Amino acid sequence: MGTLIKKAFRAIGYNLQRANRPLPYHGYDLEVEARAAIARVDGHTMVSFEKLVPLYQQAAFCEQTHIPGAFVECGVWKGGCVGVMAQANLKYGTQRRHLHLFDSFEGIPEPDAEVDGAAAIKFAKEAGGGIGGKLVALEDQYGGVGTLECNRDLMETRIGYDSEYLHYHVGWFQDTVPQDAASIGDIAILRLDGDWYASTKICLDHLYDQVVRGGFVIIDDFKAYDGCEKAVREFLAARGESVYLHHLDRWGRYWVKP
Ligand SMILES: C[S@@+](CC[C@H](N)C(=O)[O-])C[C@H]1O[C@@H](n2cnc3c(N)ncnc32)[C@H](O)[C@@H]1O
């Protein structure tokens with residue numbers, strides 16, 4: 001009976017599957033261990049599987065090829081992406097990396113209607129917040145604020161990363177990034193996930209020069225919000241930096257520092 005129903009669906013172009021069937025194996029390099037690392041940060045990231053597997057691979061590659069520098073994320077929410085990079089270090093690194101987590105740890109600020117585009121305005125309005133680019137946290141839209149406590153719990157208790165190598169930069173990027181950039185030194189992976197124009201631009205302006213040759217620059221929201229793409233394109237054009245933007249999923253892009 002089941003087979004007959006399946007056949008009937010297939011005949012009209014549908015493939016019938018059980019709703020709770022695990023995601024099919026994609027054939028990515030290191031996929032089995034990346035899946036285990038992703039499972040470990042369950043509930044701590046809103047980032048897609050298609051972005052998380054390459055993030056694990058990129059961090060593992062940095063360890064295997066000895067690309068020097070810290071792993072940095074600006075816009076950590078509940079810390080899942082940093083947790084994935086940390087696990088690649090624990091598996092492949094001969095020593096611990098310094099991990100830098102930048103966030104307000106109280107929510108995302110207002111977008112700026114002038115540059116961030118319709119999707120950002122919609123997001124802010126649904127949160128009952130403003131669209132003037134003010135540094136005030138919008139009402140939570142993601143499913144709980146990514147607090148400092150929640151990040152510590154993931155990184156130090158669940159993953160067991162040495163707290164000596166964890167650096168939490170608490171506050172608005174506009175304050176923390178310019179102030180703390182020099183203390184980070186070389187960067188192997190710079191992952192930007194602050195959604196808006198201003199949140200992306202400030203990080204590129206102050207951290208890009210510290211990304212080492214062969215290091216990765218990852219832009220989570222490149223095609224999600226107009227302002228994010230604008231910040232990246234303006235920055236690259238001003239620098240005369242010609243890079244190929246690799247797709248992660250429909251929205252995310254990354255490039256390797258030339
Ligand atoms: C989309 S979430 C990040 C998702 C996260 N990377 C993950 O793994 O699920 C965006 C985060 O960026 C932070 N953020 C955005 N702009 C910021 C700014 N200017 N200063 C501080 N934090 C900011 C927000 O607080 C929020 O936690």
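The phi torsions of region 241-254, fed into the Karplus equation with coefficients 6.51, -1.76 and 1.60 and a -60° offset, translate into couplings of 8, 9, 10, 8, 8, 7, 6, 9, 10, 4, 9, x, 9, 8 Hz, rounded to whole numbers, with Gly and Pro shown as x. Please work out the Cα center distance from region 149-201 to region 233-258, rounded to the nearest Å. The two parts, judged by their Cα centres, are 21 Å apart. Among the DSSP beta bridges whose two residues both lie in the chain, what percent are antiparallel, rounded to the nearest 5? Counting DSSP beta bridges with both partners in the chain, the antiparallel share is about 25 percent. Overall, the chain carries a charge dipole of about 1380 debye about its Cα centre when +1 sits on the Cβ of Lys and Arg and -1 on the Cβ of Asp and Glu, all other atoms neutral. The phi torsions of region 185-200, fed into the Karplus equation with coefficients 6.51, -1.76 and 1.60 and a -60° offset, translate into couplings of x, 4, 10, 8, 10, 10, 10, 9, 9, x, 6, 8, 4, 5, 5, 7 Hz, rounded to whole numbers, with Gly and Pro shown as x. Amide H to amide H, with H built 1.01 Å from N, Gly214 comes under 5 Å of Lys257, counting only residues 5 or more places away or on other chains. Helices in the chain, meaning DSSP H runs of at least 4 residues, each add -39500 (n - 2.57). Divided by all residues, the mean residue ellipticity at 222 nm is -12000 deg cm²/dmol. Peptide packing for 108-120, 245-257, 27-39 was compared via the average number of neighbouring C-beta atoms within 10 Å per residue; ordered from the highest value, the list is 108-120, 245-257, 27-39. Couplings 3J(HN,Hα) for region 217-233, derived from phi with the Karplus relation 6.51 cos²θ - 1.76 cosθ + 1.60 (θ = phi - 60°), are 10, 10, 10, 5, 10, 3, 9, 7, 9, 3, x, 5, 4, 4, 4, 5, 5 Hz, where x marks Gly and Pro. Among the GluC sites (Glu not before Pro) in region 209-258, those located in a DSSP loop and surrounded by at most 14 other Cβ atoms within 10 Å of their own Cβ are Glu241. The residue list Val256, Phe123, Gly227 was ranked by how far each Cα lies along the charge dipole of region 33-256 toward its positive end, using unit charges on Cβ atoms, and Val256 comes out on top.
Electrostatic bookkeeping for Gly240 treats Lys and Arg as +1 and Asp and Glu as -1; over the other residues with beta carbon under 13 Å from its beta carbon, the sum is 0.
Measuring max minus min along each principal axis, the C-alpha atoms of region 1-158 give extents of 59, 47, 29 Å (largest first). With springs only between Cα atoms under 10 Å apart, run a GNM on the chain and tell me which of Gln210, Gln179, Gln58 wobbles the most. The residue with the greatest mean-square fluctuation here is Gln179. Using alpha carbons only, the radius of gyration of region 33-256 set against its Kirkwood radius gives Rg/Rh = 0.94. Here region 176-258 carries DSSP beta bridges of which approximately 55% are antiparallel, counting only pairs with both residues inside.
Considering amide H positions built from the backbone, and no H for Pro or chain starts, which residues 5 or more places from Ser104, or on another chain, come under 5 Å of its amide H? It is Gly171, by chain and number. As a ratio to 2.2 N^0.38 Å, the alpha-carbon radius of gyration for region 41-104 is 1.05. Annotation: Cα Rg of region 1-94 relative to the compact-globule expectation 2.2 N^0.38 Å equals 1.46.
None of the figures in this text is laboratory data; all of them are computed from the coordinates on show. Everything quoted here is computed from the prediction, not taken from an experiment. Positions of Cβ are backbone-derived with ideal geometry, glycine not excepted, and every protein chain shown enters the neighbour counts.
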